Amino acid sequence: QAKSFGKGRYVLFNQEMYEQHLKVSQLDSDLHYALERKEFELYYQPIISLASEQLAGFEALIRWHHPKRGLVSPSDFIPIAEETGLIIAIGDWVLNQACRQMHIWQNKYASAKNLKMSINLTCQQIREKDLIDKLDRVLAEIAIDGINLRLEITESSMMDQGEETIAKLEQLRARNIQLSIDDFGQGYSSLSYLHRFPVNTLKIDRTFVDQMISGGQNLEIIRTIIILAHALNMDVVAEGVETQQQVVMLKQLGCEFAQGYFFSRPLTATAAEQIIAGSSE
Ligand code: C2E
Ligand code: MG
Ligand code: MG
Ligand code: MG
């Protein structure tokens, strides 16, 4: 009996694996056409300065409007794109689109001059030989300043990199391009290593923020990350802020910036523009 139960599970497991495999390979082949079919869109989530409660910038978040599946989440297709190498072409599109959008807003609204546009980069994108030249070309073509651009790299992909990458990141600094470590606390980082990277900002992973109110260790972890960041001359963005109570506590802890549904969900360009227009009154 136990044997047949085991056998049944085995078949079920295989079926699931098969379906997962099918889904991934379908997404993979559809992904190849998504750029030329213009199926991607950038959403923009406001990042708020906690001291002034003013808009400090946006994080650009990609959305894929799949013709059959509807909206596909980046967590479902970015890892596939990273594996197949398509991430380079998609990343180029994101960089261009986000910078263009920022340029448009800066021309229209005086208050947009100091906003920062945050863009996510994967491991492969950082490793790319061409990265710095590409950034130079985009900044020159679109005429925005390095200071308005902020690149987000996850903790684990940062720690993966060697000396060559540190040199590359130094070149970002020379262009005033800002650097954030995304999902901080989630991965594994060597603290003795952290100060060697020219990082401006730590973004506290939202799993800590999520549970900070219920007490326990998360509050202490957040407190420690903020102290660490400040000791290394970095500022802090709390991700996934959903309640007023979290805002109050983060302010007390000295966290500079927050991002999350409490302030706003990621917005279309049109909706994001209304926020800028409102903030310049
Ligand atoms: P991330 O960079 O950590 O982005 C933050 C994610 O948290 C976003 O998910 C955002 O919608 C979500 N979020 C923001 N506030 C809240 C909140 O209050 N509560 C909750 N529950 N979630 C919140 P999204 O847009 O689905 O993106 C997922 C991940 O996909 C991103 O995580 C990033 O790693 C990656 N990604 C998104 N866009 C791009 C892109 O253009 N390029 C690359 N390379 N990766 C991207
Ligand atoms: Mg991010
Ligand atoms: Mg994050
Ligand atoms: Mg994340």
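Laboratory data are not the source of any read-out in this text; all were calculated from the coordinates shown. All values derive from a computational prediction rather than experimental measurement. In this analysis, Cβ positions are derived from the backbone assuming ideal geometry, glycine residues included, and neighbour counts consider all displayed protein chains.
The GluC sites (Glu not before Pro) of the range 33-110 that meet both conditions, a loop assignment by DSSP and at most 13 other Cβ atoms within 10 Å of the site Cβ, are E36, E53. Compared with the alpha-carbon gap, the fully stretched path from K168 to T270 is longer by 33.3 nm at 0.36 nm per residue. Sorting 234-240, 169-175 by their mean Cβ neighbour count within 10 Å, with the most densely packed peptide first, gives 234-240, 169-175.
The length gained by stretching the chain between N96 and V24 to full extension, at 0.36 nm per residue less their Cα-Cα distance, is 23.2 nm.
Size check on the range 1-159: the Cα extents along the three principal axes, sorted descending, read 73, 37, 35 Å. Gyration tensor over the Cα atoms of the range 115-263: the corresponding equivalent ellipsoid has semi-axes (square roots of 5 times the eigenvalues, largest first) of 28, 17, 12 Å. Magnitude of the charge dipole for the range 161-247, about its Cα centre and with charges confined to Cβ atoms of Lys, Arg (+1) and Asp, Glu (-1), is about 260 debye. Here the contact order of the range 77-138, divided by its residue count and restricted to Cα pairs under 8 Å and six or more residues apart, works out to 41 percent. Inter-label distance, Q211 to R175: 3.9 nm, where each label sits 7 Å from its Cα along the C-beta direction.
Here the dipole of the chain is about 320 debye; that uses its Cα centre as origin and unit charges on the Cβ of Lys and Arg (positive) and Asp and Glu (negative).
Have a look at L151, M234, V72 and report the one farthest towards the positive end of the charge dipole of the chain, computed about the Cα centre with Cβ charges (Lys/Arg +1, Asp/Glu -1). My answer, from the dipole projection, is V72.
Using R0 = 51 Å, the C-beta based FRET efficiency linking K108 and M17 works out to 0.50. Summary value for the chain: 19 percent relative contact order, contacts being C-alpha pairs under 8 angstrom separated by 6+ residues.
Please label the shape of the range 215-281 as rounded, prolate or oblate, based on the square roots a ≥ b ≥ c of the eigenvalues of the alpha-carbon gyration tensor (a/c under 1.5 means rounded; beyond that, a/b larger than b/c means prolate, else oblate). Verdict is prolate for the range 215-281.
Over the chain, dividing the summed -39,500 (n - 2.57) contributions of all DSSP H runs of at least 4 residues by the number of residues returns a 222 nm mean residue ellipticity of -16000 deg cm²/dmol. In this label model, M159 and Y193 are separated by 0.6 nm, measuring between points 7 Å along each Cα→Cβ vector. Summarising the amide proton neighbourhood of K116: residues at separation of 5 or more, or on other chains, whose placed amide H is nearer than 5 Å comprise G57, F58. Within the listed set P79, P46, P67, the Gaussian network model of the chain (springs between alpha-carbon atoms below 10 Å) gives the highest mean-square fluctuation for P67. In percent, rounded to a whole number, the relative contact order of the range 125-281 is 16, using alpha-carbon pairs under 8 Å and six or more apart.
Distance distribution P(r), the range 84-142, all Cα-Cα pairs, bin width 10 angstrom from 0: 21, 50, 23, 6, 0 percent. Restricting attention to the chain, close to 40% of DSSP beta bridges with both partner residues there are antiparallel.
Could you tell me the ratio Rg/Rh of the range 17-81? Both radii from Cα atoms, Rh via Kirkwood. Spell out each step's value before the answer.
Values: Rg = 15.8 Å, Rh = 13.6 Å.
We get a ratio of 1.16 for the range 17-81.
For the range 89-175, the tally of Lys pairs with Cα-Cα distances below 20 Å comes to 4, considering only residues 8 or more apart or on different chains.
Each 5 Å bin, from zero up to the one with the longest distance, holds this percent of the alpha carbon pairs of the chain: 1, 5, 11, 15, 16, 16, 14, 9, 6, 3, 2, 1, 1, 0, 0.
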